[in-house]
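This report refers to the structure that appears directly beneath it.
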Amino acid sequence: MNRSLFIQQLETNSVFDICIIGGGATGLGTALDAAARGLKVALFEQHDFAKGTSSRSTKLVHGGVRYLQQGNIKLVMEALRERGLLLKNAPHLVHNQKFVVPNYKWWEKPYYGIGLKIYDWMAGRLGLGPSQFLSKEETLQLIPALDPEGLNGGIIYHDGQFDDARLAISIAQTAAAQGAIILNYFPVTGLLKMQKKICGAWVKDSLTGNEYEVRSKVVINATGVFTDRLLRMDDPKHENIINPSQGIHLVVDKEFLLSDTAIMIPRTDDGRVLFAVPWHNKVVLGTTDTPVKEISEEPVPLEEEVDFILSHIGRYLAKDPKRPDIKSMFAGLRPLVKGKAKKTASLSRDHLIQVAESGLITITGGKWTTYRKMAEEVVDIAIEKNGLENKPSVTAGMKLSGYDQPVLPADITRESEERLEQLVQHSARTEMCMTVEDFLARRTRQLLLDTNAAIKAAPWVASILAEQFNKDKDWVQQQINNFNETAKKYIPTLNLPATGRP
Ligand SMILES: Cc1cc2nc3c(=O)[nH]c(=O)nc-3n(C[C@H](O)[C@H](O)[C@H](O)COP(=O)(O)OP(=O)(O)OC[C@H]3O[C@@H](n4cnc5c(N)ncnc54)[C@H](O)[C@@H]3O)c2cc1C
């Protein structure tokens with residue numbers, strides 16, 4: 001991917017078939033699906049790809065054991081199929097992850113055991129391995145860090161695990177290879193209309209300040225929690241349809257789990273599931289579900305959320321993680337759809353596709369796991385409503401870029417200086433890595449794995465990028481300052497807001 005080349009193409013193109021706003025899982029998936037059908041596509045992301053919710057997930061490619069508990073069979077079946085496809089199409093970034101549900105109450109083994117057998121059965125040929133009952137000794141052998149007191153045994157089951165931001169880059173590269181123009185640091189600032197119908201968008205290159213008028217037959221709003229802001233650009237009287245809800249994760253050292261097997265706690269005090277998942281040699285603990293008033297590009301964990309995770313996971317581990325053990329923490333916002341959404345082309349518990357009177361198509365909600373299916377659906381609707389050339393989706397059988405190549409390391413602390421220099425250069429040349437934050441938060445995952453190590457690496461990454469982009473010392477200093485400001489929000493020593501509830 002080459003940003004300058006994409007800008008040149010933007011300047012020379014007259015009318016696109018589809019213009020996509022938002023470069024998270026949904027927007028990028030949509031760009032790939034549409035470009036692979038031969039449509040002329042441009043995508044604009046206001047910040048970096050996956051800067052929003054798509055780099056802040058629990059990193060699970062899953063059918064959703066929780067949705068099974070809620071009886072949402074259709075959603076689970078769809079997600080299990082997508083899980084299987086992702087393992088085939090992105091084996092470099094998605095793998096089979098073993099989970100244990102520890103049983104401390106007598107009824108948990110039969111209750112969860114039957115549920116997980118149904119989960120296996122629903123996955124069918126795309127299953128990742130059968131669930132199994134374990135004795136207390138077998139459970140402790142698999143996860144020595146579990147608290148042995150009162151433990152009766154456990155149940156093993158399988159799901160997928162992935163690197164969310166890296167998958168976003170891989171989808172962007174695949175879409176670009178199919179002919180899509182994919183631009184980061186390019187906010188959509190307004191919508192173009194002719195006779196009350198949407199016919200394009202105003203976009204701005206935030207790295208140069210240049211503005212462009214982009215003409216397009218269809219415009220798709222895939223802006224996650226920013227959905228309402230875009231809908232108001234279309235109709236200033238639009239009433240909000242999104243209720244944002246925050247979920248946070250804490251990252252601790254592997255010694256708290258002592259295993260490659262993850263723990264799944266099926267029921268917390270607020271009726272959610274809680275995970276402790278090994279990820280890039282650390283453990284991710286999460287998540288929460290807190291309604292919030294404000295939406296922000298960089299949401300901050302709340303005091304009560306950090307306490308909730310530490311106290312809950314502490315009930316299950318022999319050695320309780322404490323605040324100073326947190327290496328990093330990150331928050332993401334779910335775009336939950338309110339019941340009153342109108343003119344719905346397709347609404348499920350999980351995602352919404354809506355076509356406005358102006359023709360603006362909005363897609364929001366859903367899960368990372370089902371991004372491909374959501375993209376297929378929204379492109380089908382875009383084709384049908386606008387009389388575009390109708391070719392079927394081909395992404396179910398399409399390998400994603402890099403599937404046969406080594407992946408950039410997530411943790412750079414053990415790399416040699418020479419190798420690191422190569423990595424930054426490679427990322428700047430081929431992955432549209434434009435800033436220190438892009439490299440440390442999303443091309444590698446250093447910021448999420450160990451924030452202090454990321455802060456230490458920032459000056460050095462800044463100077464390599466400056467060489468690459470021919471920038472001066474002021475630019476380097478500005479990059480370091482910007483990164484440090486963002487990184488503060490990943491360190492738990494900060495005075496956190498106590499609560500964010502409306
Ligand atoms: C805490 C948490 C844990 C989760 N865990 C999982 C999990 O383990 N597995 C799973 O399958 N799913 C998970 N999900 C769900 C999953 O992360 C989301 O469904 C998915 O990332 C949503 O992607 P999106 O592209 O719709 O939104 P986003 O990733 O938020 O992308 C929207 C993008 O639009 C951009 N944008 C906004 N306005 C503009 C504009 N004017 N111009 C240009 N760009 C704009 C934003 O910058 C943003 O990058 C989780 C969600 C949360 C919150």
* Out of all the residues in region 417-439, is one or more among the basic types (K, R), at pLDDT 95 or above and within 29 Å of E376 (Cβ to Cβ)? -> no
* Structure fact -> Counting only residues that are surrounded by fewer than 24 Cβ atoms within 10 Å (Cβ to Cβ), in contact (Cβ under 8 Å) with a residue 60 or more places away in the chain and in a helix (DSSP H, G or I), region 1-60 contains a total of 8
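Does at least one position in region 10-17 carry a residue that is within 16 Å of the ligand (Cβ to nearest atom) and more than 18 Å from the chain's Cα centre (by Cα)? Quick ask: steps written out before the conclusion?
As a first pass, look at region 10-17 and keep what is within 16 Å of the ligand (Cβ to nearest atom): 10, 16.
Keeping just the survivors that are more than 18 Å from the chain's Cα centre (by Cα) gives 10, 16.
Yes, the conditions are met somewhere in region 10-17.
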* To do: With respect to D269, determine if the residue is of a type outside the set (A, V, I, L, M, F, W, C), at pLDDT 95 or above and part of a loop (DSSP other than H, G, I, E, B).
  => no
* Counting just the residues of region 211-233 that are more than 18 Å from G23 (Cβ to Cβ) and in contact (Cβ under 8 Å) with a residue 12 or more places away in the chain, which one comes out surrounded by the most Cβ atoms within 10 Å (Cβ to Cβ)? -> L231
* Please note which helices (runs of 4 or more DSSP H) are completely contained in region 96-194 and include at least 3 residues that are more than 27 Å from the chain's Cα centre (by Cα) and within 20 Å of Y316 (Cβ to Cβ). => 108-123, 136-142
* To do: State whether the residues of region 310-326 include one that is in the same structural domain as T139 (by TED's automatic domain parsing), crowded, with 22+ Cβ neighbours inside 10 Å and under 21 Å from the mean Cα position of the chain (by Cα).
  => no
* Would you tally the residues in region 99-108 being touching a helix residue (DSSP H, G or I) at 6+ places or on another chain (Cβ under 8 Å) and either surrounded by fewer than 16 Cβ atoms within 10 Å (Cβ to Cβ) or under 15 Å from L128 (Cα atoms) (or both)? => 1
* Asked: How many of the residues making up region 294-325 are touching a strand residue (DSSP E or B) at 6+ places or on another chain (Cβ under 8 Å) and more than 16 Å from the ligand (Cβ to nearest atom)?
  -> 6
* Could you check how many residues of region 88-113 are within 16 Å of the ligand (Cβ to nearest atom) and over 19 Å from F275 (Cβ atoms)? => 2
* Candidates H238, H249 - the one that is within 28 Å of I363 (Cα to Cα), assigned to a loop (DSSP other than H, G, I, E, B) and within 15 Å of the ligand (Cβ to nearest atom) -> H238
* Structure fact -> Going through region 61-95 in order, the residues found to be assigned to a loop (DSSP other than H, G, I, E, B) and of a type in the set (A, V, I, L, M) are A90, L93
* region 272-312, residues that are more than 16 Å from G247 (Cα to Cα) and part of a strand (DSSP E or B) -> P278, W279, K282, V283
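Does region 399-414 contain any residue that is outside any loop (DSSP other than H, G, I, E, B) and either more than 16 Å from the ligand (Cβ to nearest atom) or at pLDDT 95 or above (or both)?
To start, the set of residues in region 399-414 that are outside any loop (DSSP other than H, G, I, E, B) comprises none.
Within region 399-414 (the criterion being outside any loop (DSSP other than H, G, I, E, B) and either more than 16 Å from the ligand (Cβ to nearest atom) or at pLDDT 95 or above (or both)), the answer is no, since none of the residues qualifies.
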* Structure fact -> Inside region 18-73, the number of residues satisfying the requirement of being of a type in the set (S, T, N, Q) and more than 6 Å from the ligand (Cβ to nearest atom) is 5
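The values are calculated or read from the model by the stated rules, or taken from the named source; none is laboratory data. Remember, it's a predicted structure, so these values are computed and weren't measured experimentally. Heads up, the Cβs are rebuilt from the backbone with ideal geometry, glycines too, and the neighbour counts pull from every protein chain shown.
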